[in-house]
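All remarks here apply to the structure that follows.
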Amino acid sequence: MRRRTRDNLIAGAVLVIVLVLAVGAQLAYFNGGPGTPKAEPSASATTTPTPSATPGANTGDVPPASLSEGRTWTGSMKLNDATLGFELDGAAAPQGVASTVSLIKKGFYEGLTCHRLTTGDNFKVLQCGDPSGDGSGGPGYSYGPIENAPADAVYPAGTIAMARQGGNAYSMGSQFFIVYGDTSIPADAAGGYTVIGHVTSGLDGLSAITSAGVEGGGQDGKPAVPVTMTAISVQ
């Protein structure tokens with residue numbers, strides 16, 4: 001009986017360790033390196049790989065926060081056949097909005113793809129804005145800090161937020177994610193995720209993309225329906 005009790009305790013301890021390692025691997029992958037996700041992690045941070053990003057400092061020629069003008073910007077974007085109206089909050093996220101507005105006005109985003117879709121329960125985002133098309137690219141600079149992150153880690157449907165590397169508040173670039181269903185994304189060591197604005201119209205138009213799911217199945221990866229940003233403007 002004593003031996004059986006000991007064996008049961010050992011088996012239980014091993015199971016706990018395996019579960020902890022599995023969850024840790026998922027979060028590390030999702031918060032960290034480049035590339036299209038291959039795992040199916042629980043809700044966590046989206047990423048914008050910027051290998052040269054230095055924690056605590058901007059890298060490259062970052063547009064000044066003053067370009068956001070501390071005001072609300074209105075715009076529209078077309079993803080395949082879906083046209084989304086949106087607003088960017090230059091007062092709440094001056095650096096994030098300044099960078100995004102600068103890139104839009106330069107035509108940086110037009111023709112780029114949305115390389116990542118998640119379809120898990122309470123975790124529904126479409127990630128776009130990578131010129132490499134695989135999650136590894138950016139605009140040639142990285143910036144911080146994190147701005148306007150929700151204190152409760154809840155990102156309501158329609159939220160537009162900046163992707164970044166896990167644990168690095170100064171790794172934002174051009175990649176952003178659109179929340180198409182209420183989503184919870186736990187903060188990591190660096191904090192939450194910069195919310196730059198929200199979709200004001202047309203969010204339902206993404207259903208043709210999101211309902212098709214992820215290429216090859218699963219809940220996190222390349223959209224089964226290829227997504228291209230054919231137009232985007234702001235004023």
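Just so you know, all these numbers are worked out from the coordinates, no wet-lab data involved. Since the structure is predicted, the reported quantities are computational estimates derived from the model, not experimental observations. Cβ placement follows ideal geometry from the backbone for every residue including glycine, while neighbour counts extend to all protein chains displayed.
See the values below:
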quantity	calculated
Unique residue being under 18 Å from Ser174 (Cα atoms) and without any contact (Cβ under 8 Å) to a residue 12 or more places away in the chain when the list is Ser132, Ser136	Ser132
Selected residue (criterion: surrounded by the most Cβ atoms within 10 Å (Cβ to Cβ)) from residues of segment 162-197 that are touching a Leu at 6+ places or on another chain (Cβ under 8 Å) and of a type in the set (Phe, Trp, Tyr)	Phe177
Failed item, numbered, when Ser207 is tested on (1) surrounded by fewer than 19 Cβ atoms within 10 Å (Cβ to Cβ); (2) of a type outside the set (Val, Ile, Thr); (3) without any contact (Cβ under 8 Å) to a residue 60 or more places away in the chain; (4) over 17 Å from Thr119 (Cβ atoms)	(4)
From the options Asp204, Asp220, Asp121, residue that is acidic (Asp, Glu) and under 19 Å from Asp81 (Cα atoms)	Asp204
From Gly107, Gly111, Gly75, residue being out of contact with any Asp or Glu (no Cβ under 9 Å at 6 or more places or on another chain), surrounded by fewer than 21 Cβ atoms within 10 Å (Cβ to Cβ) and either without any contact (Cβ under 8 Å) to a residue 24 or more places away in the chain or part of a strand (DSSP E or B) (or both)	Gly107
